[in-house]
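Following: one structure in structure tokens, then a few remarks.
Every number in this text was worked out from the coordinates using simple rules, so none of it is lab data. Treat the numbers as computed from the prediction; the structure is a model and nothing was measured. Positions of Cβ are generated from backbone atoms using ideal geometry, with glycine treated the same way; all protein chains shown enter the neighbour counts.
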Amino acid sequence: MTYELCVRFGFDAAEIAERVGLVGLNSRNCSQLGPRLQELVIQPNAGAIIDTFLASLVKSEQFNRIVGEHSDAARFSEMFEHYLLSLGVDIAQSRYFEERLRIGTVHQRIGVPQSMYQCHFQLLQGLLIRHIPQNMRRDGDSFDDMVEFILKVTALDMSLAVDSYTNSSMHGLRTSLDVQRGESERLRQLALTDWLTELHNHSHSRHLLEKALLRSRIERSPLCIVMADLDHFKSINDRYGHLVGDEVLKIAASRMLSGARAGDEICRYGGEEFLFILQGTDLAMAREVAERVRSRINGDAMRSRKAEIILSLSLGIAQARDGDSVDALIERADAALYEAKQAGRDCVRTESQNA
């Protein structure tokens with residue numbers, strides 16, 4: 001049988017023995033006094049102990065609220081009886097530790113304040129001592145041994161419950177922090193991403209281009225950008241409506257990604273206009289990428305909401321020069337895109353070298 005909580009909290013045989021010894025228990029007092037505690041104190045008086053313990057608890061509004069939400073008094077009484085009838089029996093076994101660790105875990109999950117059951121462990125100690133029979137009380141040594149055993153075994157149980165309560169609280173906190181980090185990352189991605197195409201958005205594209213220009217200067221490596229525009233896109237919106245237009249933009253973005261290379265940044269610059277950032281790429285290589293993307297766009301008709309649409313793309317390429325700003329580089333790529341439009345669309349043009 002696997003004891004999940006023992007494994008989770010690291011209670012193997014050696015750790016169990018160490019914890020048992022830490023509260024001052026040993027094999028002699030466990031093997032002798034555990035059965036005597038059950039036989040002489042708990043089993044003959046279980047009903048009275050449970051009734052007194054429960055009567056104390058129900059005076060707390062907080063306890064009544066928690067029990068009302070998650071259980072009932074009868075169920076709690078049954079669970080407490082099970083706990084009592086196992087108290088002090090085979091305490092060096094994994095099963096014993098597993099059940100005690102589960103107490104703290106359950107209490108933490110249902111919102112029982114740790115202080116509440118810590119205080120009631122003390123009540124339990126008093127009840128157990130009160131029910132030590134008279135014949136044992138008359139034997140001073142036997143009485144002292146039993147009192148000491150009760151104090152130690154309840155201290156062991158409380159330490160395990162506190163361990164699991166605290167660990168469960170920390171686990172919940174870590175989970176909450178992970179959720180918050182995940183939500184923060186999701187919001188960050190939303191701030192950087194175009195909601196429709198899931199490409200980088202306009203503002204982030206300029207940030208990426210600024211970084212690419214800096215890297216190009218430091219590494220003395222080529223950098224090209226491509227400004228691309230879907231041809232006659234307004235007529236698609238006018239004829240089929242904006243919902244179809246949105247579908248076309250999403251399909252076009254997917255085809256652009258499939259035509260680009262790993263590492264190429266593709267951004268929705270605005271409307272039906274897109275920006276490609278091609279790091280480590282000269283004009284000749286950029287033209288190959290642009291032509292491949294263009295052929296992906298018009299390779300097959302796009303089917304959206306029963307409309308079959310033939311789409312084409314015009315692209316303009318510019319290569320970064322010493323001292324280029326983001327605006328200067330985009331302006332030259334825009335000029336090349338304008339030349340592609342003037343040349344009849346559905347084509348690629350590179351910047352004029354004397355521009």
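Tabulated results
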{"read-out": "With eigenvalues of the C-alpha gyration tensor scaled by 5 and rooted, segment 227-298, Å", "value": "25, 11, 10"}
{"read-out": "Ranked by how many other beta carbons lie within 10 Å on average, peptides 251-258, 136-143, 31-38 from highest", "value": "251-258, 31-38, 136-143"}
{"read-out": "Candidate lysines - alpha carbon under 20 Å from Lys234, same-chain residues fewer than 8 apart omitted", "value": "Lys250, Lys306, Lys341"}
{"read-out": "Residues Ile317, Ile91, Ile310, sorted so that the one with the fewest Cβ neighbours within 10 Å comes first", "value": "Ile310, Ile91, Ile317"}
{"read-out": "Cβ-based exposure ranking for Ile236, Ile218, Ile42, in which fewest neighbours within 10 Å come first", "value": "Ile218, Ile42, Ile236"}
{"read-out": "Relative compactness, segment 202-350, computed as alpha-carbon Rg over 2.2 N^0.38 Å", "value": "1.03"}
{"read-out": "Hz values of 3J(HN,Hα) by residue in segment 338-350 - Karplus curve (6.51, -1.76, 1.60), Gly and Pro given as x", "value": "4, 5, 5, 5, 5, 7, x, 6, 6, 7, 10, 10, 9"}
{"read-out": "Exposure proxy order (Cβ contacts within 10 Å, fewest to most) of Lys250, Lys234, Lys152", "value": "Lys234, Lys250, Lys152"}
